[in-house]
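Here is the structure we will look at.
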Amino acid sequence: MIKYLFPNSIDNDYKGNKAPMYLFYLVTAFTVIRSIIHLVSPDGGAQSIATIPLHLYSKEASDTIIHMFAEWGLSQLLFGLFYIVVLIKYKNLIPLMYLFLVLEYSTRLLLSL
């Protein structure tokens, strides 16, 4: 397992099952699209997607929430661009990217408890 996560050479030679690779294309598209929504949506996706009732907060508070969602979108966009680079040039890093995804989403779940 370690040799798949940390290959001796980083190249575009993906030796694994093709299904996870194609799923990673979908994850990448989802990440980039989600990030763009956070960056360009007037509410940053806070109310329209995350259902945060921005109208119940002061203008300053809701602007801060929207700004935080935009910053989150920028972070997601950078990850999405990194995923694109992996898909184009370094496919044998896909297992490592899945490890990062599992860590990210499991940590999000833990933070919401």
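The values are calculated or read from the model by the stated rules, or taken from the named source; none is laboratory data. Just so it is clear, the structure is predicted and the values come from calculations on it, not from any experiment. Note: ideal-geometry Cβ built from the backbone for every residue, glycine included; neighbour counts use all protein chains shown. Note: accessible area is taken over every heavy atom of the protein model, side chains too, but ligands, DNA and RNA are not part of it. Shrake-Rupley method; radii C 1.70, N 1.55, O 1.52, S 1.80 Å.
Under 26 Å between alpha carbons: how many lysine pairs meet that in the chain, if sequence neighbours fewer than 8 apart on the same chain are excluded? Close lysine pairs under the 26 Å cut-off: 8. Across the options TYR83, ILE65, LEU39, the greatest Cα extent toward the positive end of the charge dipole of the chain (unit charges at beta carbon of Lys, Arg, Asp, Glu) belongs to TYR83.
Per-atom-type breakdown for the stretch 1-93 gives carbon and sulfur 71% of the accessible area (1.4 Å probe, protein chains only). Assign one of three labels to the stretch 43-93, namely rounded, prolate or oblate, based on the Cα gyration tensor with a ≥ b ≥ c the square roots of its eigenvalues; rounded applies when a/c is under 1.5, prolate when it is not and a/b is larger than b/c, and oblate otherwise. It is prolate, given that a/c is not under 1.5 and a/b is the larger ratio. Enter the accessible area of ILE2 (Å², nearest 10), with the probe set to 1.4 Å and all protein chains included. Accessible surface of ILE2 is approximately 110 Å².
With the simple model of a label 7 Å out from the Cα in the direction of the Cβ, LYS15 to GLU60 spans 5.9 nm.
For Cα extents along the principal axes in Å, the listed values are (1) 43, 24, 19; (2) 40, 33, 27; (3) 53, 29, 21; which was obtained by calculation from the structure presented? It is the value labelled (3). Among the trypsin sites (Lys or Arg not before Pro) in the stretch 10-76, those located in a DSSP loop and surrounded by at most 11 other Cβ atoms within 10 Å of their own Cβ are LYS15.
Per residue, the chain exposes an accessible area of 68 Å² to a 1.4 Å probe, with every protein chain left in place. Between LEU77, LEU39, LEU96, the Gaussian network model of the chain with springs among Cα atoms under 10 angstrom shows the greatest mean-square fluctuation at LEU96.
Work out how much length LEU113 to LEU5 would gain on full extension: take 0.36 nm times their residue separation and subtract the Cα-Cα distance, in nm to one decimal. Working shown, then result.
Working: separation 108, 0.36 × 108 = 38.88 nm, distance 2.91 nm.
Value of the extension gain: 36.0 nm.
What does the helix-only formula give at 222 nm for the chain: each DSSP H stretch with n ≥ 4 adding -39500 (n - 2.57), the total divided by the residues, and the result rounded to the nearest 500 deg cm²/dmol? Walk me through the numbers on the way to the answer.
On the way: 4 runs with 76 residues, N = 113.
Helix contribution divided over all residues of the chain: -23000 deg cm²/dmol.
The listed residues GLU60, GLU104, once ranked by accessible area (1.4 Å probe) with the largest placed first, stand as GLU60, GLU104. Solvent exposure of PHE30, expressed as accessible area, is near 120 Å², computed with a probe of 1.4 Å over the protein chains only.
Quick check: with the 1.4 Å probe, what order do THR64, THR31 take by accessible area, largest first? Intermediate values should be presented prior to the final figure.
Numbers: THR64 75, THR31 5 Å².
Largest to smallest exposure gives the sequence THR64, THR31.
Shape class for the stretch 4-69: prolate, because the ratio a/c of the largest to smallest gyration tensor axis (alpha-carbon atoms, square roots of eigenvalues) is 1.5 or more and a/b beats b/c.
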